[in-house]
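Can you read through this structure? Questions will come right after.
The values are calculated or read from the model by the stated rules, or taken from the named source; none is laboratory data. It should be emphasised that the depicted structure is a prediction, and the values quoted were computed from it without experimental measurement. Don't worry about glycine lacking a Cβ; one is built from the backbone with ideal geometry, like all the others, and counts go over all protein chains shown.
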């Protein structure tokens, strides 16, 4: 492994160790950190919650359309995957706010 690759690997290991450390907080410490994060980013939290609810509603409507036979299986799969990807992205944004990190998908 080259020096550059080793340095990159060490940076990744360090970043992952920080994330794991934040995830291992005890419940009281975690609750306090969560409350601090929410109060410091109130507008962002409200926007994220609204976006997540909208995507969940769209997902529910998509399932209803599929059950009613209003869309094809192929269209359902395509739209379903897109909505799931969007929800995953939103979840990562929540995790990043919660942990104070910048993990990207």
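Pairs only if they're at least six apart or on different chains, beta carbon under 7 angstrom, first in the range 85-99 and farther than 14 Å from residue 47 by Cα, second at pLDDT 85 or above; list them, first residue then second.
That search, which allows pairs on different chains as well, returns 86/55.
Could you list, in sequence order, all residues of the range 50-84 that are out of contact with any helix residue (DSSP H, G or I) (no Cβ under 9 Å at 6 or more places or on another chain), closer than 24 Å to residue 98 by Cα and surrounded by 12 or more Cβ atoms within 10 Å (Cβ to Cβ)?
Scanning the range 50-84 gives a single hit, 54.
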